[in-house]
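Inspection log for the structure reproduced underneath, given as structure tokens.
The values are calculated or read from the model by the stated rules, or taken from the named source; none is laboratory data. Keep in mind that this is a model prediction, so the values were computed, not measured. A quick note on method: Cβ atoms are made from the backbone with ideal geometry, for glycine too, and the neighbour counts reach across all protein chains shown. Please note that ligands, DNA and RNA were not included when accessible areas were found on the heavy atoms of the full protein model with its side chains. Shrake-Rupley method; radii C 1.70, N 1.55, O 1.52, S 1.80 Å.
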Amino acid sequence: MKFKTSTKLALSTASAALLVAGCAGGMSQGSGMTSAELDAVTQQVVKDSFHDKGIVKVSQVFAEDPTMKACNAADVAGQPLAPARAKEIEALNMKTIHWPANGKYLGDWKEGEKLAQSGRGRTWTDKADTPNGGNCYNCHQITKQEISYGTIGPSLYNYGKIRGVTDPNSPQAQEIVKYTWGKIWNSKAYNACSNMPRAGHMGILNEDQVRDIVALLLDPKSPVNQ
């Protein structure tokens, strides 16, 4: 059977990945490679499997990220980050949060609901100016009407109500309002190895979009709080 060049390359890359994995599993049986060397080889095999296409660039996919590097290493080790290291990472990410320049944290909850229910964006077929979705439903329940939603994250239904937010503009509500903004902008400022995407920090959502999702969660008129 003959394969096209692209197919041969894919098979070759897959075989190499399996070989690396095998080496990793048998390192103590004489592979002669350190853990760091195996990591480097594996990373190179993965990089060689990707190429620039459309708006998706290899340099973006494999950009150096101290936070992800530390969290991935902890995941591989099967142990959580040391508390002190976790605090360092959270402090580092807290500095990246862009607070609203005009001081306005809430936008239009109706637009926020559209964003939360949209999982589109950031694929090679998209144009650079295509608005991204928030993809919130993929990990959270948002309203009681939903029949399909992810459970990786907690339910967001009644998010504002259970936190006692009856007027998001009141002084009493400002702490939870700011926390909500910060969590959406960069979740790892509050939980070093959170699974939640760093929506604002990574450029997935812009400031106006974050403002609309904050409104979805905290506006008493939003279906989230009904």
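Under the condition of being polar (S, T, N, Q) and assigned to a helix (DSSP H, G or I), which residue from the range 71-119 is modelled with the highest pLDDT?
Within the range 71-119, the subset polar (S, T, N, Q) is 72, 79, 93, 96, 102, 117-118.
Narrowing the set further to residues that are assigned to a helix (DSSP H, G or I) leaves 72, 93.
Details: 72: 91, 93: 98.
Filtering the range 71-119 for residues that are polar (S, T, N, Q) and assigned to a helix (DSSP H, G or I), the one modelled with the highest pLDDT comes out as 93.
Name the residue, out of 144, 161, 188, 178, that is of a type in the set (D, E, K, R) and crowded, with 20+ Cβ neighbours inside 10 Å.
Working: 144 fails: crowded, with 20+ Cβ neighbours inside 10 Å; 161 fails: crowded, with 20+ Cβ neighbours inside 10 Å; 178 fails: crowded, with 20+ Cβ neighbours inside 10 Å.
Going through 144, 161, 188, 178 in turn, the sole match is 188.
Can you pull out the residues in the range 48-70 that are within 27 Å of residue 124 (Cα to Cα) and modelled with pLDDT of 80 or more? Outline the logic, then answer.
Keep residues of the range 48-70 that are within 27 Å of residue 124 (Cα to Cα), which gives 48-69.
Passing the criteria: 48, 49, 50, 51, 52, 53, 54, 65, 66, 67, 68, 69.
For the range 134-192, what are the residues that are of a type in the set (Gly, Ala, Ser) and over 23 Å from the mean Cα position of the chain (by Cα)? Talk me through it step by step, then tell me what you get.
Narrowing the range 134-192 to residues of a type in the set (Gly, Ala, Ser): 134, 148, 150, 153, 155, 160, 164, 170, 173, 182, 187, 189, 192.
Listed by number, the residues that qualify are 164, 170, 173.
Looking only at the range 57-110, which residues are hydrophobic (A, V, I, L, M, F, W, C), touching an Asp or Glu at 6+ places or on another chain (Cβ under 8 Å) and open to solvent by 60 Å² or more (accessible area, probe 1.4 Å)? If you could, list the steps in order and put the result at the bottom.
Residues of the range 57-110 that are hydrophobic (A, V, I, L, M, F, W, C), as a first pass: 58, 61-63, 68, 70-71, 73-74, 76-77, 81-82, 84, 86, 89, 91-92, 94, 97, 99, 101, 106, 109.
Filter once more, so that each one left must be touching an Asp or Glu at 6+ places or on another chain (Cβ under 8 Å): 58, 101, 106, 109.
Result: 101, single match.
Open to solvent by 80 Å² or more (accessible area, probe 1.4 Å), within 17 Å of residue 198 (Cα to Cα), out of contact with any Phe, Trp or Tyr (no Cβ under 8 Å at 6 or more places or on another chain) and touching a residue at least 60 places away in the same chain (Cβ under 8 Å): is that true of residue 154 in this structure? Quick ask: steps written out before the conclusion?
Working: open to solvent by 80 Å² or more (accessible area, probe 1.4 Å): yes; within 17 Å of residue 198 (Cα to Cα): yes; out of contact with any Phe, Trp or Tyr (no Cβ under 8 Å at 6 or more places or on another chain): yes; touching a residue at least 60 places away in the same chain (Cβ under 8 Å): no.
For residue 154, the condition - open to solvent by 80 Å² or more (accessible area, probe 1.4 Å), within 17 Å of residue 198 (Cα to Cα), out of contact with any Phe, Trp or Tyr (no Cβ under 8 Å at 6 or more places or on another chain) and touching a residue at least 60 places away in the same chain (Cβ under 8 Å) - is not met.
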